[in-house]
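This report refers to the structure that appears directly beneath it.
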Amino acid sequence: MKNNILYSTAIFCFIMITQNITGQIIKNKNVMNTEKDYNDDALVKQLSGFKNNYQLANGIKIHYVTGGQGEPLVLIPGWPQTWWSYRKIMPILAKKYSLIVIDLRGMGSSEKPLEGYAKKTMATDVLSLITQLGYKKVNIAGHDIGASVAFSYAANFPESTDKLILLDTPHPDENMYKLPMLPIGAKIYPWWIAFNQVNELPENLLEGRYHILQNWIFDKLLINKEAINSFDRKVFSKAYDNKEAIRSSNEWYKAFTQDILDMKTIEKITVPTIGIGSVDGVEMFKYSLPPYINDLQLKVINNSGHFIHEENPDQTAQSIIDFLN
């Protein structure tokens, strides 16, 4: 009897241990499988009707996502993100427009050359792509760094622009030299604009841990921190987490000196333009955009920080639709 009890107990323990090990293996396998969910092929499958594309444009390989039908609308993301930042508004806009959502030179799955990061050059990348897609004129929208590229596109190629949409960010001009790099009473001051222009140090500090910087930016510049959830943050961190990606994205900032010089030579933009932003973003637009734009509208997205298209996608998308209509 005693031996039978000991034997049964041993069998039970063996079964429990085996199940635990098997469960752990399955769990670890699932974790490994989810790593694949962060690449462009997996991401685009989450958005019905969209597909990945690659094209040589202005001498470099550009990754872009297309979907929808109607008039062409280009969407350009900014730092520290990729095309995926538009995931919430793409399905809404695709009902009315043919979308071309572009990873800029140095971003995501696009090529990361050593030079060519002035916004005028990056706007030429966009023009080359658009021309090869068969479009003569497009509506163009951009957020953050992408807004600077969209602005430069409209300023330098007005004949190829229908309407311009700027999301929460103006193009760099001499007002940038007035931005505080030290805490002088403001809750947030844009220290990263200077940090991202330092040679080599950001790559050495942040390789493999870029999420630390990204999470700080997201948490400080969002009102609703869950608007960019843990999955989305992983997508963005994986896109920036190596030295080459950090170097190339910082080149956008190192080119600001040239961008500011280029602003002194542009003609005033005549195509219809709207600046859509947070309360703070629109306040910035009020004094930064009128000197450069003739036909300007402004629209506030309430209850949003810098990432308006992620915190309030419905209102942002509807503001774009109303303007384009």
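The values are calculated or read from the model by the stated rules, or taken from the named source; none is laboratory data. Because the structure is predicted, anything quoted here is derived from the model rather than measured. Heads up: the accessible areas ignore ligands, DNA and RNA and are worked out on the full protein's heavy atoms, side chains in. Shrake-Rupley method; radii C 1.70, N 1.55, O 1.52, S 1.80 Å.
Annotations
- Residue pairs, from the table Lys137/Lys299; Lys254/Lys286; Lys264/Lys286; Lys51/Lys163; Lys119/Lys264, whose Cα atoms sit over 21 Å apart: Lys137/Lys299; Lys254/Lys286; Lys51/Lys163
- The overall shape of region 106-245, judged from the alpha-carbon gyration tensor, is prolate: a/c is not under 1.5, and a/b is greater than b/c.
- Fully extending the segment from Glu267 to Val198 would add 21.7 nm, taking 0.36 nm per residue of separation and subtracting the current Cα-Cα distance.
- Calculated mean residue ellipticity at 222 nm for the chain: -13500 deg cm²/dmol, from DSSP H runs with n ≥ 4 weighted as -39500 (n - 2.57), summed, divided by the residue count and rounded to 500.
- Separation between Cα centres of region 173-212 and region 259-274, rounded to whole Å: 25
- Cα pair distances exceeding 23 angstrom across region 47-186, given as percent: 31
- Tensor-based shape of region 224-325 (alpha-carbon gyration tensor, a/c under 1.5 rounded, otherwise prolate or oblate): oblate
- Oblate is the label for region 33-75, because a/c, from the alpha-carbon gyration tensor with a ≥ b ≥ c as root eigenvalues, is 1.5 or above and a/b does not exceed b/c.
- Taking Cα extents along the principal axes in Å as calculated from this structure, the corresponding entry among (i) 97, 48, 40; (ii) 61, 44, 38; (iii) 79, 47, 30 is (i).
- Every Cα-Cα pair of region 207-268 was included, and the share exceeding 15 Å stands at 62 percent.
- Based on the Kirkwood approach, the hydrodynamic radius assigned to region 55-129 is 12.6 Å, with every pair of different Cα atoms included.
- Just checking the listed ones, Tyr177, Tyr117, Tyr86: in the Gaussian network model of the chain with Cα springs under 10 Å, the one fluctuating most is Tyr177.
- Each Cα pair under 8 Å and six or more residues apart adds its sequence gap; the mean of these over the residue count of the chain is a relative contact order of 17 percent.
- Fraction of accessible area attributable to carbon and sulfur, the chain (%, probe 1.4 Å): 54
- Fluctuation leader among Ile212, Ile274, Ile228 - the chain, Gaussian network, Cα springs under 10 angstrom: Ile212
- Relative contact order for region 117-176, counting Cα pairs under 8 Å that sit 6 or more residues apart, in percent: 36
- Accessible solvent surface per residue of region 170-325, calculated while the other protein chains remain in place, 1.4 angstrom probe, Å²: 49
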